[in-house]
Structure formats: structure tokens, C-alpha cells
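The values are calculated or read from the model by the stated rules, or taken from the named source; none is laboratory data. Nothing here was measured: the structure is a model prediction, and the numbers come from that model. Because the Cβ atoms are built from the backbone with ideal geometry, glycine has one as well, and the counts that use them run over all protein chains shown. Accessible surface areas use protein heavy atoms only, side chains included; no ligands, DNA or RNA. Shrake-Rupley method; radii C 1.70, N 1.55, O 1.52, S 1.80 Å.
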Amino acid sequence: MVDFLNTSLSGLQASQRALATVSHNIANAATEGYSRQRVDFGTRPPEFFGGGFMGTGVQVADVRRIYDTFLAGEVRSGTAGEARLSVFSEMAGRVGDLVGSGGGGLSGGLQAFFDSLQSLANDPASMPVRQTVVGEADALARRIGALDTQLASLQNEVNGRVDASVATINGLAQAIADTNNQIASAPGAANGDFSNDLLDQRDRLLQRLSAEVEVSVVPAAMGTVNVFIGNGQTLVLGKDATALSSGAGGFGPQLREVSVGGAAVTGQLSGGTLGGLLDFQREVLNPVRNDLGRTAVALTESFNAQHRQGLDLAGNFGADFFAVGGPQVLEASGNSGGATVTASIESVSALTGQDYQLQFDGTDYSLVNTGSGQPVALSGTGTPADPLRADGLAIVIAGAPAAGDRFALLPTRSAAADFRRLVDDPAQIAAAFPIRTGASLANTSDAQISSGEVLDAADPDLLTPVTISFLDPNTFQVNGAGAFAFTAGADIDLNGYRLQISGSPVAGDEFTVSPNSGGVGDNRNAQALLGLREAGVLEGGQRSLLQQADTMLASIGSTAAAAQTALQSQSAQLRSTESALQSVSGVNLEEEAANLIRFQQAYEANARVIQVANTTFQSLLAAFR
């Protein structure tokens, strides 16, 4: 027989559960990551009575977590993107401030140095002017060194922050694995009933993990989830977590790696703080250090080459004015062969500012650009007489390599750190050309001879006096010997120098080339040194030193600006997605207040039914007394 007392008791209990759930929602309205819960009611099985079925009350079918899996995934993805762009934009802006600083930037230092050379060209014999050149060269060296030191400090900061992020990721991964275990071990888990609060707790951990690195979350058995990073590397598998590590990579501590289970995954991680740091290092910091070193190498090589072609105040040929660091070669820790590799810069204009990896397959060597992952064509055999050549580098291999041996090549990464001035005495600045040209006063034509330019200062006959005599308008002799065809304005190469004769010479005209003895007022080599300001010395001769400095700054500035714009867009999109998720899962206090009143009234109504049942029962008892 249907017992309406039990029916009302079931209603009372169901209302009590609903009130408890509403109370739980209200209490956690301000709890971050809390998903509101709702009680789902269902009728109890009916009982057959007489000619039909009658209901037996209500039961709580489920306490359901109001949650949108898709929106939660979008929030995690957006969080990873925002965190990456935030750290990337911040760090890129700091590099831009360093390179573009008026007091410590590269362009200002180069301009000040070349301005001092302009003063030297105007007054080559002045010792105060020469001292200014030495001082500005020192200032430029200090500026380049300071820039490299500050960039190296940023690298150390990146290393420390990567280590901290890896430690955070490991802690969160273990916490997620522990929460998986709690969810799977809770009563009812075998039947698919999972703790809503534990699910929220795990989602909060996943959200925090996404701020460190982009993750892929895959549902698994017993309410657990598996978490993957990079290209599918496992971070959490059910109740077990895999730890990341950071530190010295395959080429030693200078090239650090992030690894999972001993396998390097640095180039595969993306998103979050860790991804932003690694992207900044790969896309901004390393290229800027390489380009700074490349600029220092280009200045050193071009300036030294021209300085060696001139004469100082004592009449001596100029020595190297600057020194700079050379390419670095790092041997992989797993190499089993006995080969050693050295690299040198053969062509500054062919340098790319990239890093490379050289690998031996047992028969041949191959070279890969580590920035793009693309193979680079190699020529030569690797011997001192015929080195391997690629992108301005000459690579010499000594000893016997083994198949699989690898070497990292950093052509200009450390060049700026060792950039310095070598010439101490201002009198040793070679401002003069070693030769002077002249025309005989007895010449009767309008022909003129150029001042000449030095091609090879090491030519043993460079300072040998030369007389060019014309036999007729189309033929000349050198020191009374030979008969050479003449073309007005054409190059005449002699004894390591080049000159031109213009106009229309006649028979008997003579021109001389002699050592520039006592040429303290000669500024021709100073002018040639000054000309390096605009000369194309990089990018295949298409870019000058100042253009290189400006290009560096413009590239960093555009990268930082693009990152900032992307960050603003990503943040706005994330806020919109968070708002959408909150509208689904968040607690609405007005709605909860209404539910509170509704379930309170239901509770009171069921209590009233119980009271009626009690009265009826007492009346029945009284009838049988």
C-alpha cells in the first residue's frame, strides 16, 4: 500500500539535498574555478495499487556540475597564448630598449666613431683629433661589449625563468596526477559518479598549467585525464606524472635544453610562460646576439683591411685596429669519433647571422641551419687546403669522425664579447695612402692621373717608384719598358695598386707614382676609412654597418610591436571566452536566491504533508482505542 508519509519524506530529503547544493553554490560564489552544481530530481519507482500505479515520491538522480568542456578548453588555450605573448612582448621590448638606447645603442656608437674619422679626414696631422678617434673607438668597443653583456644577462635571466617554469610545471603535473588518483579512488567512481569539487580542483590545476605551457587534455578511464605537451610528449598519464628537466643540452651548458624522459623537446614546446621564453630566446635574443657579433666582425674585418693599406705618421703601414672574437664550435656530448672541428670567417658579406649543425653520416658531412632546419650547401673536403665552405665560413676537420658525430657552429654569437681596440698610439692611425701620384710639369695635354687606390699592401713592389711615359696617345710604357694599350679612364693595375688616367695624353707626357714619404697631411686613407660608413660590407655587399644597426633596431621594434598587438587581441579574446564560460558555470546569486526560496517552500510543503500524515495516523489510532 502506498505510504504517503514515505512519499513526503522523500520530498523532504530531496528538498534538503537541493537546499544543501544551493548553499554550497552560494558559499563558493567567489571561489576561483568553481562550477555551480545543480540537483536533478527523478521519480521513485511507482507501486501497483488496485487497478493502476501510484507514485512513491521523488529521489535525487544526480548532483550535476554545470560545465562546458569546449569553452574550458578554449580558456586553457587562450591562457597559454596570453602568457606566451606577455613574456615574449616584455622581453622583446627590453631588447629593443637596449639596442635602441641613445646612450648605449649601437647606431649612436657607430655614428660617433665615424664622425671622429670625418674630423681625422679634415685634419689628419692633428694629434688631438687622432686622440679623439682612439677615444671614440674605445667608446664603441665599450658600447658593443656592454650590449653583449646585457644580452648575456638576459640569457641568464631566461635560463633561470625556464628552470622556474619547469619546476612549476612538474609540481602542477604531480598535483594533477594526485587529483586523478583521488577522483578515480572516490566512492562511486566505478559507476561514473565523480566528485564535482575534485573535478573543479583538477581544472584549476590544468588552468595554471596552461599558463606555463600549452597542453592537450584527453579524457581517460575512471574520470581521469591524460595531459600531453609539445608534439604529444606525455606529461600526465592517469595517476602518473612525468617530470621535465632543464639544463645542459647535447652540446653542453652553452646550449641548454628542456627535456622529457631524457629526450630534448625545446623546439617542440609552445605556449605559456615556458613557450614564450623559449620563443624569445630563439626568435629575438639569439638572432640579436648573432647580428651584434656579425656587425662587430664586419667592422673589424673591413676597417682592419683598409687600415693596413695606409701609412701612419711614422711612415709605417697600419696594423690591425680592432680585434674580435671568432666562431665557436661545440662538440656533441655523444660523439664517439676523434674528430675536431675549427671554423673561421672567410667572407664577412656572406655571413647570415644564423647558427648551424654539422653532422657526419659515416661518408659525408651535411650542414643544417638550426634556425630554419633547412640544409645548407657545402663545398670542399674539410682539409686545411680545401676547407668545407658555406655561408662565409671555412670549416676544417682534423682527426677521424664517427658516423652520427655532430658539431654546433656559432659563427658570431660570442664575437661582440671580444671586440676591442688594438691601436694605442694615436700616431699609429694610418690616415695616409702609401703612394702619391703626379704629372710632369712638361706635359702638354689635358690628361690627369688619379690619386690611386691600394689593392694589396703586401705587394713587395708597392713602394717602388714608377714612371708612366706615353709613346703616343694610345700607348704607354712603365719605367721605359713595354708597350701597353691605353684607354682613357680605364683601370691600370701596377705593383698592388690601381689608378686611372683621364683625358687625351700625347706623346712625351709622363706621370709618376712614388712612395708617400712624409705624407703627414695626406688624408686619403682616412677618407677611405670614413667611406666604410656607407660601404656595403654585409648581406652580399648590400648593407652598410649603419644600415645593419638600424635594421637590427627596426626588426626588434617591429617584433615587439607585433607581439604587443597580438597580446592585446589575445587578452580580449580570452576575456570574452572566460565570460562565456562564467555565464555557463559561474554562480548567479540572484538565481541561487530564487532557488533557495523555491526549495525552502518545497521543504515546508513536504513537512506539512508529514504533519497531515501524522494527524491522520493519530486519528486512526484513536479509532481503535
- Note on the structure: Filtering the range 385-401 down to residues that are open to solvent by 60 Å² or more (accessible area, probe 1.4 Å) and closer than 21 Å to Asn290 by Cα yields Arg389
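So that you can scan it fast, the table gives a plain yes or no per residue for (1) crowded, with 22+ Cβ neighbours inside 10 Å; (2) touching a residue at least 24 places away in the same chain (Cβ under 8 Å):
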residue: Phe49; (1), (2): no, yes
residue: Phe53; (1), (2): no, no
residue: Val63; (1), (2): no, yes
residue: Glu90; (1), (2): no, no
residue: Gly100; (1), (2): no, yes
residue: Leu110; (1), (2): yes, yes
- Message: Which of the numbered conditions does Ala141 fail, given that it passes all the others? Conditions: (1) among the aliphatic types (A, V, I, L, M); (2) out of contact with any Gly (no Cβ under 6 Å at 6 or more places or on another chain); (3) closer than 30 Å to Gly271 by Cα; (4) touching a residue at least 40 places away in the same chain (Cβ under 8 Å).
- Response: (3)
- Message: Among the listed residues Leu581, Leu596, Leu589, identify the single one that is out of contact with any strand residue (DSSP E or B) (no Cβ under 8 Å at 6 or more places or on another chain), open to solvent by less than 40 Å² (accessible area, probe 1.4 Å) and of a type in the set (A, V, I, L, M, F, W, C).
- Response: Leu581
- Filtered residues of the range 441-459 (kept if of a type in the set (Gly, Ala, Ser), open to solvent by less than 70 Å² (accessible area, probe 1.4 Å) and closer than 19 Å to Gly503 by Cα): Ser445, Ala447, Ser450, Ser451, Gly452
- Query: Here is a list of conditions, (1) modelled with pLDDT under 95; (2) in a helix (DSSP H, G or I); (3) under 22 Å from Asn226 (Cβ atoms), and Gly109 meets all of them except one; can you say which number that is?
  - Reply: (3)
- Item | Meets criteria (modelled with pLDDT of 85 or more, within 59 Å of the chain's Cα centre (by Cα) and either in a strand (DSSP E or B) or surrounded by fewer than 15 Cβ atoms within 10 Å (Cβ to Cβ) (or both)) for Ser35 | no
- Taking Ala554 and the conditions (1) more than 30 Å from Thr300 (Cβ to Cβ); (2) aliphatic (A, V, I, L, M); (3) without any contact (Cβ under 8 Å) to a residue 60 or more places away in the chain, which numbered condition does it fall short on, given that it satisfies the others? (1)
- Query: Is at least one residue of the range 312-322 surrounded by fewer than 17 Cβ atoms within 10 Å (Cβ to Cβ) and hydrophobic (A, V, I, L, M, F, W, C)?
  - Reply: yes
- Could you figure out which of (1) assigned to a helix (DSSP H, G or I); (2) under 30 Å from Asn516 (Cα atoms); (3) not aromatic (Phe, Trp, Tyr) isn't true of Leu313? (1)
- Of all residues in the range 585-616, count the ones that are in contact (Cβ under 8 Å) with a residue 12 or more places away in the chain and among the charged types (D, E, K, R). 1
- Task: Filter the range 489-518 for residues that are free of Cβ contacts under 8 Å to residues at least 24 places away in the same chain and within 12 Å of Ile449 (Cβ to Cβ) and give the result.
- Result: Gly489
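Any idea which residue in the range 402-440 is surrounded by the most Cβ atoms within 10 Å (Cβ to Cβ), counting only those that are hydroxyl-bearing (Ser, Thr, Tyr) and part of a loop (DSSP other than H, G, I, E, B)?
Filtering the range 402-440 for residues that are hydroxyl-bearing (Ser, Thr, Tyr) and part of a loop (DSSP other than H, G, I, E, B), the one surrounded by the most Cβ atoms within 10 Å (Cβ to Cβ) comes out as Thr412.
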- Query: part of a helix (DSSP H, G or I) and surrounded by 22 or more Cβ atoms within 10 Å (Cβ to Cβ), is that true of Ala173?
  - Reply: yes
- Message: Take Leu596 and tell me if it is more than 29 Å from the chain's Cα centre (by Cα) and of a type outside the set (Ser, Thr, Tyr).
- Response: yes
- Message: On the basis of being buried (at least 17 other Cβ atoms within 10 Å of the Cβ) and either in contact with a helix residue (DSSP H, G or I) (Cβ under 8 Å, 6 or more places away or on another chain) or of a type in the set (Ser, Thr, Tyr) (or both), does Phe360 make the cut?
- Response: no
- Message: Restricting to the range 267-287, name every residue that is open to solvent by 20 Å² or more (accessible area, probe 1.4 Å) and of a type in the set (D, E, K, R).
- Response: Arg282, Glu283
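Need at least 3 residues that are among the hydrophobic types (A, V, I, L, M, F, W, C) and surrounded by 13 or more Cβ atoms within 10 Å (Cβ to Cβ) per element, so show me which strands (runs of 3 or more DSSP E) inside the range 460-537 make the cut, counting only ones lying wholly within it.
Ranges flagged: 466-472.
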- Determine whether the range 594-609 contains at least one residue that is at pLDDT 90 or above and of a type in the set (Gly, Ala, Ser). yes
- Message: So Phe70 ticks every box in (1) open to solvent by less than 60 Å² (accessible area, probe 1.4 Å); (2) under 28 Å from Asn196 (Cα atoms); (3) aromatic (Phe, Trp, Tyr); (4) part of a helix (DSSP H, G or I) but one. Which box is left unticked?
- Response: (1)
- In the set Gln568, Gln582, Gln548, the lone residue that is of a type in the set (S, T, N, Q), part of a helix (DSSP H, G or I) and in contact (Cβ under 8 Å) with a residue 60 or more places away in the chain is Gln548
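Evaluate the following for Gly382: is it touching a Lys or Arg at 6+ places or on another chain (Cβ under 6 Å), crowded, with 20+ Cβ neighbours inside 10 Å and assigned to a loop (DSSP other than H, G, I, E, B)? Please lay out each step first, then the result.
Values: touching a Lys or Arg at 6+ places or on another chain (Cβ under 6 Å): no; crowded, with 20+ Cβ neighbours inside 10 Å: yes; assigned to a loop (DSSP other than H, G, I, E, B): yes.
The answer is no for Gly382.
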- Item | Positions within the range 219-232 being within 19 Å of Gln182 (Cβ to Cβ) and either hydrophobic (A, V, I, L, M, F, W, C) or under 23 Å from the mean Cα position of the chain (by Cα) (or both), in sequence order | Ala220, Ala221, Met222, Val225, Val227
- Given the conditions (1) of a type in the set (S, T, N, Q); (2) within 29 Å of Tyr67 (Cα to Cα); (3) buried (at least 16 other Cβ atoms within 10 Å of the Cβ), which single one is not true for Ser8? (2)
